[in-house]
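What follows is one structure encoded as structure tokens, with my remarks underneath.
Derivation of every value follows stated rules applied to the coordinates shown; laboratory data play no part. Remember, it's a predicted structure, so these values are computed and weren't measured experimentally. Cβ coordinates were reconstructed from backbone atoms using ideal geometry, including for glycine residues, and neighbour counts include every protein chain displayed.
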Amino acid sequence: MRAELIQELQLLQNSRANKFADELADRILSSVDAVNEKVQSSMSKRGNMLMLLDKRLNFSTLRKLRTGFLNLNLGYRFCPKEK
């Protein structure tokens, strides 16, 4: 009878320990998931901002090159050729 009670107590303790471990693991995983989501969101926003900045810089650089090239071409076009 005593051995059965000890065994029952051990099973109860193991059950409680497993339940506590499961709850603790769930809490840790949920907090890690929340942090991962925030980091991923901020990295995505930063990446989008960098891509927009790159796009704007490329457009402004291309616009400057294009206007400079057109000004050069127009200048040569209207200059009389020397022989």
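Nearest 20 debye, what's the magnitude of the dipole of the range 1-72 about its Cα centre given +1 on Lys and Arg Cβ and -1 on Asp and Glu Cβ?
Dipole magnitude for the range 1-72 comes out near 1020 debye.
Taking 0.36 nm per intervening residue step and subtracting the Cα-Cα distance, what contour gain separates F20 from E37 on full extension?
3.6 nm
Enumerate the calculated ³J(HN,Hα) couplings along the range 2-7 in order (Karplus 6.51 cos²θ - 1.76 cosθ + 1.60, θ = phi - 60°), each rounded to whole Hz, writing x wherever the residue is Gly or Pro.
Karplus values, whole Hz, x for Gly and Pro: 5, 4, 5, 5, 5, 5.
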